[in-house]
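Asks: Okay, here's the structure, questions in a sec.
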Amino acid sequence: MKTEDLFIAGTATYLPPATKVEQAVSDGRFDAQDAEDTQLESVCEATDEAPPEMAVAAARDALERSGHRAEDVALLLHACVYFQGLELYPTASYIHREVLGDHSALAFEVKNASNGCMTALDIAARSLKATDDVAALVTTADKVSRPAIDRWNSDIGIVPGDGASAMVLSKRSGFAQVLSTSTVSDPTLERLHRGDAPFTPHHDPTLPIDLRLRKLQYLGDVELDEFTRRFRAGLSDCVDGALHDADIRLGDIARFVVPHFGRTVLQREVLAALDVDLDLTTWSWGRTVGHLGAGDQIAGLDHLVRERAVDVGDLCMLLGVGAGFTWTCAVVRITELPAWPTRPAGSDLGGGRI
């Protein structure tokens with residue numbers, strides 16, 4: 001979808017302290033071979049922070065940085081993958097009240113696995129394009145906890161990191177202009193994350209969720225090469241759509257914001273598919289925080305801007321992918337480098353808003 005007069009006005013990230021991978025290996029929590037395969041450096045691990053609280057911390061900063069009033073925000077989308085701290089409870093409404101106050105806005109959760117924030121961005125872009133609304137707020141927050149999820153042993157080639165992110169989309173102005181969004185889906189791949197697991201009335205929290213087993217069950221019936229072929233085809237179609245609508249070529253992109261996968265998975269499923277150089281991606285930072293559930297792309301863009309790893313005029317592509325499978329891409333042009341204050345790490349909720 002080609003977008004016009006749509007901007008990213010503010011972003012923010014909340015990250016709790018990170019644990020060095022070598023320490024997790026030394027403690028016996030993480031397998032040494034897995035550590036070598038992923039090439040991760042560290043992973044953020046929350047303690048007492050609840051996901052909604054982390055989301056609120058990030059959202060307050062993003063809203064302040066955006067220059068918008070709370071009343072400008074007509075849509076709030078909260079994307080998440082894991083348990084949000086309370087069953088049968090509307091997390092988006094909590095964030096709405098804490099960040100935007102009591103004015104009326106449409107607020108709901110987006111559950112689209114690791115493609116959550118990118119799906120939310122696409123939905124928000126479509127909503128703002130079709131209405132007279134001025135701004136939308138996208139938030140993410142995820143935290144994994146035992147016994148339900150063993151962070152270091154729950155998946156293949158991916159290690160979950162805890163944290164939150166937030167983004168304000170605006171039709172007025174911002175530090176980056178959104179030129180296009182694109183979403184592609186391929187539900188024939190949904191069994192990768194289901195395997196042979198049966199549907200049950202409820203999840204037993206004493207039984208760890210084993211994505212490794214589910215994936216191996218799926219790959220026992222479907223060759224990895226066939227899965228990879230379909231995965232790359234979906235990603236390539238999504239990227240081609242975003243490039244076409246933005247009227248640019250892949251070579252015009254200065255930086256790629258990629259999912260925080262381990263090195264092997266990232267190379268096989270993303271970099272090789274697009275023939276993108278690792279040095280043009282956010283890998284060097286993503287490997288220090290872990291896979292932030294639904295929030296890698298907002299956090300990655302926020303990192304590029306804060307660290308001045310982009311220049312005015314640079315084109316960036318945000319690449320999202322989630323189980324199911326769905327891919328969402330967005331092309332943005334940096335229009336300015338904002339002078340946002342940086343709070344010291346450890347100043348809020350035991351971690352740091354950055």
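Asks: What are the residues in the stretch 80-113 that are over 17 Å from Ser170 (Cα atoms), open to solvent by 60 Å² or more (accessible area, probe 1.4 Å) and not in a helix (DSSP H, G or I), if any?
Replies: Selection gives Phe83, Leu86, Glu87, Leu88, Tyr89, Pro90, Asp102, Ser104, Phe108, Glu109, Lys111.
Asks: Now a separate question. Hey, could you check the stretch 234-269 for residues that are part of a helix (DSSP H, G or I), of a type in the set (Gly, Ala, Ser) and touching a residue at least 12 places away in the same chain (Cβ under 8 Å) and say which is surrounded by the most Cβ atoms within 10 Å (Cβ to Cβ)?
Replies: If we filter the stretch 234-269 for residues that are part of a helix (DSSP H, G or I), which is where we start, we get 234-246, 250-252, 263-269.
Right, trim to of a type in the set (Gly, Ala, Ser) and you get 234, 236, 241-242, 246, 251.
Within this subset, residues satisfying the condition of being touching a residue at least 12 places away in the same chain (Cβ under 8 Å) are 234, 236, 241-242, 246.
Details: Gly234: 20, Ser236: 14, Gly241: 18, Ala242: 28, Ala246: 24.
Within the stretch 234-269, the match that is surrounded by the most Cβ atoms within 10 Å (Cβ to Cβ) is Ala242.
Asks: Let me ask something else about it. May I ask you to verify whether Ser173 is among the small types (Gly, Ala, Ser), part of a strand (DSSP E or B) and either open to solvent by less than 20 Å² (accessible area, probe 1.4 Å) or under 28 Å from Ala339 (Cβ atoms) (or both)? Don't jump to the end; show me each part of the working.
Replies: Values: among the small types (Gly, Ala, Ser): yes; part of a strand (DSSP E or B): no; either open to solvent by less than 20 Å² (accessible area, probe 1.4 Å) or under 28 Å from Ala339 (Cβ atoms) (or both): yes.
No; evaluated as a whole, the condition is false for this residue.
Asks: Additional query: For the stretch 64-73, indicate whether the set of residues that are modelled with pLDDT of 95 or more, open to solvent by less than 40 Å² (accessible area, probe 1.4 Å) and outside any helix (DSSP H, G or I) is non-empty.
Replies: Within the stretch 64-73, one or more residues are modelled with pLDDT of 95 or more, open to solvent by less than 40 Å² (accessible area, probe 1.4 Å) and outside any helix (DSSP H, G or I).
Asks: Right, something else. Within the stretch 187-214, which residues are assigned to a helix (DSSP H, G or I) and either touching a residue at least 60 places away in the same chain (Cβ under 8 Å) or in contact with a strand residue (DSSP E or B) (Cβ under 6 Å, 6 or more places away or on another chain) (or both)? Steps first, please.
Replies: Residues of the stretch 187-214 assigned to a helix (DSSP H, G or I): 187-193, 211-214.
Passing the criteria: Pro187, Leu189, Glu190, Leu192, His193.
Asks: Also, I was wondering about something else. Among the listed residues Ala124, Ala113, which satisfies the condition of being closer than 20 Å to Arg214 by Cβ and in contact (Cβ under 8 Å) with a residue 12 or more places away in the chain? Give the steps one after another, and end with the answer.
Replies: Numbers: Ala124 fails: closer than 20 Å to Arg214 by Cβ.
None of the other options fit; the residue is Ala113.
Asks: Quick one: count up the residues across the stretch 114-141 that are more than 17 Å from the chain's Cα centre (by Cα), of a type in the set (Ser, Thr, Tyr) and part of a helix (DSSP H, G or I).
Replies: Here the count works out to 1.
Asks: For Gly293, indicate whether it is open to solvent by less than 10 Å² (accessible area, probe 1.4 Å), in a loop (DSSP other than H, G, I, E, B) and either farther than 19 Å from Phe175 by Cβ or modelled with pLDDT under 95 (or both). Even if it seems obvious, please write down each step before you answer.
Replies: Working: open to solvent by less than 10 Å² (accessible area, probe 1.4 Å): yes; in a loop (DSSP other than H, G, I, E, B): yes; either farther than 19 Å from Phe175 by Cβ or modelled with pLDDT under 95 (or both): yes.
In short, yes.
Asks: A further question on this structure: Limited to the stretch 298-328, what total is found for residues that are part of a helix (DSSP H, G or I) and more than 15 Å from the chain's Cα centre (by Cα)? If you could, list the steps in order and put the result at the bottom.
Replies: As a first pass, look at the stretch 298-328 and keep what is part of a helix (DSSP H, G or I): 298-306.
Filter once more, so that each one left must be more than 15 Å from the chain's Cα centre (by Cα): 305-306.
Looking only at that region, the number is 2.
Asks: Could you list, ordered by first residue, the pairs with Cβ atoms under 8 Å in which the first is in the stretch 296-322 and open to solvent by less than 10 Å² (accessible area, probe 1.4 Å) and the second is basic (Lys, Arg), at least 6 apart or interchain?
Replies: From residues that are open to solvent by less than 10 Å² (accessible area, probe 1.4 Å), the pairs are Leu304/Arg255; Val310/Arg255; Cys316/Arg255; Cys316/Arg333; Met317/Arg255.
The values are calculated or read from the model by the stated rules, or taken from the named source; none is laboratory data. Because the structure is predicted, anything quoted here is derived from the model rather than measured. Positions of Cβ are backbone-derived with ideal geometry, glycine not excepted, and every protein chain shown enters the neighbour counts. Areas reflect the complete protein model, heavy atoms only, side chains present, ligands, DNA and RNA absent. Shrake-Rupley method; radii C 1.70, N 1.55, O 1.52, S 1.80 Å.
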